[in-house]
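First the structure, in the form of structure tokens, and then the observations on it.
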């Protein structure tokens, strides 16, 4: 059984990538399962620090992107926005090439907040970054 507000097709959700930081960094949504959102990001000139290692900020962008999309898929978009409140990340292993793969899963789904855990792994399946993202659920009428 799916946790999402409604049934979403990956190709429809991927339209959210267009014209955003996701597109700029080459982040792609790869799957929406019953309880998680997955994506990948290249480790290339757009996402590495000067020493050639994956930039921690790029890992945070991947984590926040996946968690934010997941948060959005949980609410009625005609009534609510979801916006980031807090993100933290522990960078535990470097990556220098290929792709990193993220999986975002909710830890808490409340009326006004959501908490997401995002694991980012390298191509060999080794944990590169673990992140926690807190999202606010805001009614449309509160934003003007």
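Scanning the range 48-70 for residues that are surrounded by fewer than 21 Cβ atoms within 10 Å (Cβ to Cβ) and over 10 Å from the mean Cα position of the chain (by Cα) returns 48, 49, 50, 51, 52, 53, 55, 56, 57. For the range 36-47, the condition of being in a helix (DSSP H, G or I) and surrounded by 18 or more Cβ atoms within 10 Å (Cβ to Cβ) holds for none of the residues.
In the range 37-64, the residues that are on the phi > 0 side of the Ramachandran plot reach residues that are surrounded by fewer than 18 Cβ atoms within 10 Å (Cβ to Cβ) with C-beta atoms within less than 8 angstrom, at least six apart or across chains, in these pairs: 52/96. Across the range 9-32, the qualifying residues are those that are out of contact with any strand residue (DSSP E or B) (no Cβ under 6 Å at 6 or more places or on another chain) and in a loop (DSSP other than H, G, I, E, B), and the one among them that is farthest from residue 104 (Cα to Cα) is 19.
Anything in the range 97-125 that is loosely packed, with under 12 Cβ neighbours inside 10 Å and outside any strand (DSSP E or B)? List them, or say none. So that I can check it myself, show each step before the final result.
Looking only at the range 97-125, we keep the residues that are loosely packed, with under 12 Cβ neighbours inside 10 Å, and these are 107-108, 110-112, 124-125.
Within the range 97-125, 110, 111, 112, 124, 125 qualify.
Do we find that residue 93 is in a loop (DSSP other than H, G, I, E, B), in contact with a strand residue (DSSP E or B) (Cβ under 7 Å, 6 or more places away or on another chain), within 17 Å of residue 59 (Cα to Cα) and at pLDDT 95 or above in this structure?
Values: in a loop (DSSP other than H, G, I, E, B): yes; in contact with a strand residue (DSSP E or B) (Cβ under 7 Å, 6 or more places away or on another chain): yes; within 17 Å of residue 59 (Cα to Cα): yes; at pLDDT 95 or above: yes.
It is true that residue 93 is in a loop (DSSP other than H, G, I, E, B), in contact with a strand residue (DSSP E or B) (Cβ under 7 Å, 6 or more places away or on another chain), within 17 Å of residue 59 (Cα to Cα) and at pLDDT 95 or above.
Is there a residue being in a strand (DSSP E or B), in contact (Cβ under 8 Å) with a residue 24 or more places away in the chain, within 17 Å of residue 29 (Cβ to Cβ) and touching a strand residue (DSSP E or B) at 6+ places or on another chain (Cβ under 8 Å) anywhere in the range 70-80? No.
In the set (1) surrounded by 12 or more Cβ atoms within 10 Å (Cβ to Cβ); (2) modelled with pLDDT of 95 or more; (3) part of a loop (DSSP other than H, G, I, E, B), the condition left unmet by residue 2 is number (2).
The values are calculated or read from the model by the stated rules, or taken from the named source; none is laboratory data. Please read all numbers here as calculations on a predicted model, not as lab measurements. All Cβ positions, glycine included, derive from the backbone under ideal geometry; neighbour counts span all protein chains shown.
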